[in-house]
Amino acid sequence: MESFEETSILAPVLGVLVAVIKFHIPIYLDKSLTTLGDATEGTALFVTGLIASAQRFHLNWGVGWAVLGKNVIQPALCLAVALLFGMPLEQTRFVVLLSAIPSGFFGILFGKGFDATPEVASSSLIASTVLSIFTLAGWIVLLSHLH
């Protein structure tokens, strides 16, 4: 129950509830929130850079497994599920490539909020991004051979 006191958990849950009940906010509030929302992407990347630069890069088993899971296993599972359900080829390619995008910064931000050490998360983010040069290319080549 303690996790629901964290805004990073409570805000998305409230957002889903508001969407489910189809609550509409006034247009002036919608425009204001849209402006704030447009600024969050750059801010999030900036904060991620600050947090990641404050950590030392450590290549260990945790980082290796995180990168293997994100860059290889996750897209492979998406491909298997897409093929199992008979998704159209174009959608399968989109799904697999989206899942093969390098690790995001949420692990770092959420880890900081829960007093977890972000060393593995920041090292995984860096390693996943660098290795995605090869893994994304590999997935693109593999997907181009699907018919």
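The values are calculated or read from the model by the stated rules, or taken from the named source; none is laboratory data. Nothing here was measured: the structure is a model prediction, and the numbers come from that model. Neighbour counts run over all protein chains shown; Cβ positions are idealised from the backbone, glycine included. We work out accessible area using only protein heavy atoms, side chains counted, and drop any ligands, DNA or RNA first. Shrake-Rupley method; radii C 1.70, N 1.55, O 1.52, S 1.80 Å.
So Phe57 ticks every box in (1) in a helix (DSSP H, G or I); (2) in contact with a helix residue (DSSP H, G or I) (Cβ under 6 Å, 6 or more places away or on another chain) but one. Which box is left unticked?
(1)
Go through (1) among the polar types (S, T, N, Q); (2) at pLDDT 90 or above; (3) surrounded by 11 or more Cβ atoms within 10 Å (Cβ to Cβ) and name the single condition Ser123 misses.
The number of the failed condition is (2).
For region 70-84, check the following and say yes or no: at least one residue is in a loop (DSSP other than H, G, I, E, B) and surrounded by fewer than 16 Cβ atoms within 10 Å (Cβ to Cβ).
no
What tally of residues in region 9-54 results from selecting those that are part of a helix (DSSP H, G or I) and under 27 Å from Ser123 (Cα atoms)?
17
For region 58-69, which residues satisfy the criterion of being open to solvent by 50 Å² or more (accessible area, probe 1.4 Å) and within 20 Å of the chain's Cα centre (by Cα)?
Trp65, Leu68
Would you check which residues across region 85-103 are at pLDDT below 80 and open to solvent by 50 Å² or more (accessible area, probe 1.4 Å) and list them?
none
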